[in-house]
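Beneath this line is the structure, given in structure tokens, with notes to follow.
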Amino acid sequence: MSDKLFSVKDQVVLITGGSRGIGKELASAFVDRNAHVIIAGRNKKTLEETATEISTVSNSAYAEICDVSKIEDVNALIKSVMTQHGRIDTLVSVAGINKRMKAESYTTDEYDYITDINAKGAWIIAQAVGKKMITQGSGSIINVDSLNTYAPLRGTTPYAMSKASVLMMTRGLANEWGRHDIRVNSIAPGFILTDLTKKVWSDETMQAWGRTNTPLKRLGKVSDLVGAAIFLASDASQFMTGQTLRVDGGFTAGINWPIEL
Ligand code: NAP
């Protein structure tokens, strides 16, 4: 926290999906490091409880209701943040959802629900914040894709497609906005225990499979993602853009044999 290279002190940090899971942990980490944090999500009660919980005596976070798939919500959010702070230094675009099932079982509405939030929503918020960052001439955007952008897990095809879109958006925006000193990177988490994945990991067979196939031999915690987010928001990553940090205990590094060699 005292190392200036990794400092996020006084940054205005907007975190979508900041009310629960990974986004909540990252919001708390930025608050602890003296950033001005705004958390956004759809549920007012959860958002406000989280804002109260992660605020400290000297630093605080506040909540803004916003569904990232709705452009009118996003425009209202950006207007409110700009009115209060006049700038956005870092966007951490965490909001995301999933529905797992056989590819042949998805309805078009279910496909739309996933891609509207994960792909279109990530685009809407990045574009809206990016416009402000272009005027500022600075900023860092941190997207969240997935281990599914490396190889899709069975039963998650629309999710994997939506996250592949986030990966390509990260590269495309980095390529276009580097000239404005805006860096765009992403974090690809591995198996992290949250509401999103609770159902999958409550199965002991799945837990054992996850541990066996992860080189670091455990599932991830939300706190495992803090280092990568602080790094990407700070000057420590000042010559890095268009990249994905895979924080997955090595899951995507290779494939395991089923026997010991
Ligand atoms: P989570 O615990 O379910 O939290 C999701 C967060 O996103 C909540 O704050 C939720 O709040 C918000 N959200 C959902 N839809 C939204 C929308 N339309 N507009 C605004 N906010 C919305 O999930 P998580 O596990 O922390 O996942 C966070 C991100 O990491 C997601 O993008 C996910 O795809 C990605 N990821 C997770 C894992 C994992 O293993 N957990 C692995 C790879 C990638 P509301 O519901 O109140 O809106």
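The values are calculated or read from the model by the stated rules, or taken from the named source; none is laboratory data. A quick note: this is a predicted structure, and the numbers were derived from the prediction, not measured. Don't worry about glycine lacking a Cβ; one is built from the backbone with ideal geometry, like all the others, and counts go over all protein chains shown. Surface areas here come from the heavy atoms of the whole protein model, side chains and all, with no ligands, DNA or RNA. Shrake-Rupley method; radii C 1.70, N 1.55, O 1.52, S 1.80 Å.
Determine whether Ala164 is open to solvent by 40 Å² or more (accessible area, probe 1.4 Å), more than 10 Å from the ligand (Cβ to nearest atom) and closer than 24 Å to Leu26 by Cα. Please lay out each step first, then the result.
Numbers: open to solvent by 40 Å² or more (accessible area, probe 1.4 Å): yes; more than 10 Å from the ligand (Cβ to nearest atom): yes; closer than 24 Å to Leu26 by Cα: yes.
Yes; evaluated as a whole, the condition is true for this residue.
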Give the residue that is surrounded by the fewest Cβ atoms within 10 Å (Cβ to Cβ), with candidates limited to residues of segment 40-62 that are among the small types (Gly, Ala, Ser) and more than 15 Å from the ligand (Cβ to nearest atom). Ser58
Against the conditions (1) within 14 Å of the ligand (Cβ to nearest atom); (2) more than 18 Å from the chain's Cα centre (by Cα); (3) part of a loop (DSSP other than H, G, I, E, B), where does Arg154 fall short? Just the number, please. (1)
For Val37: the one exception among (1) of a type in the set (A, V, I, L, M, F, W, C); (2) in contact with a strand residue (DSSP E or B) (Cβ under 8 Å, 6 or more places away or on another chain); (3) in a helix (DSSP H, G or I); (4) more than 10 Å from the ligand (Cβ to nearest atom): (3)
Single residue of Ile65, Ile71 found to be in contact with a Lys or Arg (Cβ under 7 Å, 6 or more places away or on another chain), open to solvent by 80 Å² or more (accessible area, probe 1.4 Å) and within 14 Å of the ligand (Cβ to nearest atom): Ile65
Does Asn185 satisfy the condition of being in contact (Cβ under 8 Å) with a residue 60 or more places away in the chain, polar (S, T, N, Q) and touching a strand residue (DSSP E or B) at 6+ places or on another chain (Cβ under 8 Å)? yes
